[in-house]
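Read-outs throughout are calculated quantities, based only on the coordinates presented, and are distinct from any laboratory measurement. Note that the structure is predicted; figures quoted are calculated from it, not measured. Don't worry about glycine lacking a Cβ; one is built from the backbone with ideal geometry, like all the others, and counts go over all protein chains shown.
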Amino acid sequence: MEKSTHRITSIDLLRGLVMIVMALDHTRDFFHETAMTADPTDMATTNAPLFFTRWITHFCAPVFVMLSGMSAYLSSRKKSAKDASAFFIKRGLWLVFVEITFVTLGLTFNPFYNFIILQVIWAIGMSMILLGIFTLISHKLTLLVGIILIVLHNAIDYATLPTNNIQLSILNLFLTSKGAVIPINQNHIVGDFYAILPWTGIMFIGFSMGKWFQKEMQAHRRKQLLLFTGTLMIIAFLTLRFARGYGDPGAWQMAGPHNLLSFLNTTKYPPSLQYTFMTLGPALIFLSFTENIYNTLTRIVTVYGRVPFFYYILHFYILHSLLVIIFFITGHHSSEISNPASIFMFRPPTFGFSLPVVYLIWLSVVASLYFPCLWFFKYKSTHDSWWLRYL
């Protein structure tokens, strides 16, 4: 028998879109000809199709983290504050473990874990642990801390950073990492790509906005709040961006062939205030307009959004397995499996295809995941095993 749940379909729809678009960026990493040799957001070398292929995926991480916070709030309503806190902490620890083991292996195909990758699942896991601590104290405090972290973390751009290696590593870990490399020993290093606290702020405000999706909240009131907050974020982004002021350490060029691209090129690592407003504003407006949209396309996209963790793990292994096959088909040899210039096995720096081929591979992989995701969603809907709450 299917479990009875109150779900707002727009959350699953937006999360499904995020999962689909996210796979485009990872497909580009594995298969695009310049993914290992050029930055698609470098105004000196990029072009519009390549830039927007990367830029559209900028929405994925912050929206995914925000929606994780919303979902955490909705799941906590069925538990006592103590039980919800304990679950958040345990799930956070589980996600950190998954990032270090399953995600790192899926990305690198390196069974020796010479390069351990800390990305969005790591950030969500650590933020979930902090969520478990702060929500046990006060939900209002959680909202306040979330706002402070989002609005004020860019103040560190004006500070003099410590030169002590230990202090700098801690600062990188929590606030400033743009891709810090932390050595463990001679043969193992950690790539820290997601500074924890800016993402924690996004999760905390997502958790606080979760109350807008309670069954008791009137739909029109929820839509008003989402539309107002999203619009306010977009206005704040445009104001800060045009003022060239606080909230993003990067500069943009008013003139030149890539002036629009430069304007949109906000900082993701760590997520700047302008980046956060640029991505979350449209996401909230999307939620305000899609609550009652039901058609074939939304039903398909929603399938991916209902099993995001399952999809996320599986898509790495499918992409990398496909990479191995194409690696050998295109004439590469076993001596090229590992390359110091690439953290991915079977991915030489000069390997790859044009952008249209990347899009074709991306769409094929996303399509191949539809029926597995549909199966797993049906399985979760008809089973109530404790371990399913962690997937």
Rounded to one decimal in nm, the spacing of the 7 Å Cα→Cβ label points at Lys82 and Ile329 is 5.8
Rounded to two decimals, the Rg over Rh value of the chain from Cα coordinates and the Kirkwood Rh reads 0.95
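What is the ratio of the Cα radius of gyration of the stretch 139-293 to 2.2 N^0.38 Å, with N the residue count, to two decimals?
Details: Rg = 18.1 Å, N = 155, 2.2 N^0.38 = 15.0 Å.
Rg over 2.2 N^0.38 Å, computed on Cα atoms: 1.21.
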The distance between the Cα centres of the stretch 232-303 and the stretch 313-359, in whole Å, is 31
Karplus ³J(HN,Hα) for the stretch 310-324 (6.51 cos²θ - 1.76 cosθ + 1.60, θ = phi - 60°; Hz, whole; x = Gly/Pro) runs 4, 4, 4, 5, 5, 5, 5, 6, 5, 4, 6, 5, 5, 4, 4
Counting only backbone N atoms under 14 Å from a point 7 Å out along Cα-to-Cβ of Leu144, the residues of the stretch 77-92 in range are none
Once Phe112 and Phe289 are pulled to full extension, the length gained, defined as 0.36 nm per residue separation minus their Cα-Cα distance, is 59.0 nm
Residues meeting the amide H criterion for Phe353 (H placed from the backbone, H to H distance under 5 Å, 5 or more places apart or on another chain) are His32, Glu33
Projecting the Cα atoms of Thr296, Phe309, Tyr359 onto the charge dipole of the chain, where Lys and Arg contribute +1 and Asp and Glu -1 at Cβ, the residue farthest towards the positive end is Thr296
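Using Cα pairs under 8 angstrom and six or more residues apart, how large is the relative contact order of the chain, in percent? Show your work: numbers first, answer last.
Working: 558 pairs, mean separation 108.5, N = 391.
After rounding, I find 28 percent.
Length gain on complete extension for the stretch Ser75 to Ile170, per 0.36 nm per residue less the alpha carbon to alpha carbon distance?
31.0 nm
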Ordering 114-124, 376-386, 199-209 by per-residue average of other C-beta atoms within 10 angstrom, highest first, gives 199-209, 114-124, 376-386
In nm, the gap between the two label points placed 7 Å beyond Cα toward Cβ at Ala44 and Leu93 is 4.8
Largest fluctuation, His26, His333, His258 only, Gaussian network model of the chain with Cα springs under 10 angstrom, belongs to His333
